[in-house]
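Report on the following structure.
Quick note: the coordinates plus some simple rules give every number you see, no bench work behind them. It should be emphasised that the depicted structure is a prediction, and the values quoted were computed from it without experimental measurement. Note: ideal-geometry Cβ built from the backbone for every residue, glycine included; neighbour counts use all protein chains shown.
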Amino acid sequence: MESTTRPPVRLLVFGRQGAGKGTQAVRLAEQFGVPHISTGDMLRAAVREGTEFGQRAKEIMDAGHLVSDEVMLGLISERLAQPDAVNGWLLDGFPRTLQQGKDLMALTGADGIDLALDLDVAEDVVVERISSRRVCSSCGANYSVQVPPTSPWTCDVCGGEVTQRDDDTEQAVRERLATYLLQTVPVVKWFEEQGLLATVDGVGDRDEITNELISLVTNRLF
Ligand code: ADP
């Protein structure tokens, strides 16, 4: 797709933990030629860098809680101001609270978000998925015990080490699912009320789900 001639593509991807949000977000961003901006990946990068901010973020993430709205708004506004984001972006993991949704809308303007996608998967399905999830500690590519990288446990994309995330323990997962229900479901509903939400069944063949998401975006934007 020609990045210079097409309209901007500004997408949000919602979905509770384990819904397949990360995988689909990477594919969609590639398809539409926009940067994949994952706040979870950004925070994990800060943790790896070992900055003071990273250390604080790690405690919050490992407990399954959310980093403050104020800090997240700072991170995301800096990221959206980068040159690669001028012609669109795909946000994965932001906004995660009603406040973040309103902050984002204030930042982009009322017409600044094209579509929010919600990957719908039942809670008992995601608990099972998360406990078998494995992630590249360098680039964030997703794998699982059932679908490991070609050479266990080395990332097919970047050669990084593929491990289980520290916040994928059962206790932290339960915390995160409760947080999602309490904090994120209201912002998903808010986008729905504004006619900006499309919900897709997140159970089924990954490629078919990707195709469905691509058609939804294409029909809406082009
Ligand atoms: P998951 O969707 O499985 O929780 P993410 O990688 O999106 O994984 O996020 C991991 C953690 O990073 C979250 O549990 C939370 O602590 C923190 N985080 C990510 N995005 C946000 C955000 N927008 N607001 C607050 N905290 C966030």
Next item on the list: Please work out whether segment 1-107 counts as rounded, prolate or oblate from its C-alpha gyration tensor, where a ≥ b ≥ c are the square roots of the eigenvalues and a/c under 1.5 means rounded, while otherwise a/b larger than b/c means prolate and anything else oblate?
Entry: prolate
Check: Projected onto the charge dipole of segment 107-212 (+1 at Lys/Arg Cβ, -1 at Asp/Glu Cβ, origin at the Cα centre), which of V127, T154, L197 gives the Cα projection farthest towards the positive end?
Finding: T154
Item checked: For V203, distant residues with modelled amide H under 5 Å away -> none
Margin query: Amide H of R134 versus every other amide H placed in the peptide plane: which residues, excluding those fewer than 5 positions away on the same chain, fall under 5 Å?
Written below: Y143, S144, V145
Checklist line | Pair E123, T150: separation of 7 Å Cα→Cβ label points (nm) | finding: 4.1 nm
Checklist line | segment 66-161 - Debye-derived log10 I(q)/I(0), Cα point model, q = 0.12, 0.18, 0.21 Å⁻¹ | finding: -0.58, -1.03, -1.09
Notebook entry, point to check: According to the square roots a ≥ b ≥ c of the eigenvalues of the Cα gyration tensor, what is the shape class of the chain, taking rounded for a/c under 1.5, prolate for a/b larger than b/c otherwise, and oblate for the remainder?
Noted result: rounded
Notebook entry, point to check: According to the square roots a ≥ b ≥ c of the eigenvalues of the Cα gyration tensor, what is the shape class of segment 118-222, taking rounded for a/c under 1.5, prolate for a/b larger than b/c otherwise, and oblate for the remainder?
Noted result: oblate
Next item on the list: For segment 171-178, just list the computed ³J(HN,Hα) in residue order, Karplus coefficients 6.51, -1.76 and 1.60, θ = phi - 60°, integers in Hz, with x standing in for Gly and Pro.
Entry: 4, 5, 5, 4, 4, 5, 5, 5
Item checked: Proximal lysines to K102, defined as alpha-carbon separation beneath 22 angstrom and excluding residues fewer than eight positions away on the same chain -> K21, K189
Item checked: Under the Karplus curve 6.51 cos²θ - 1.76 cosθ + 1.60, θ = phi - 60°, whole-Hz ³J(HN,Hα) for segment 135-149, x wherever Gly or Pro sits -> 9, 5, 6, 9, 10, x, 4, 9, 9, 8, 4, 6, 10, x, x
Check: If you put +1 on each Lys and Arg Cβ and -1 on each Asp and Glu Cβ, how big is the dipole of segment 59-152 around its Cα centre, in Debye rounded to 20?
Finding: 300 debye
Next item on the list: Report ³J(HN,Hα) in whole Hz for each residue of segment 44-54, in order, from the Karplus equation J = 6.51 cos²θ - 1.76 cosθ + 1.60 where θ = phi - 60°; Gly and Pro get x.
Entry: 5, 5, 5, 4, 5, 5, x, 5, 4, 4, x
Notebook entry, point to check: What residues have an amide H closer than 5 Å to that of Q194, excluding those fewer than 5 places away on the same chain, when H is modeled at 1.01 Å from N in the peptide plane?
Noted result: none
Item checked: Relative contact order, percent, the chain [alpha-carbon distance under 8 Å, six or more residues apart] -> 29 percent
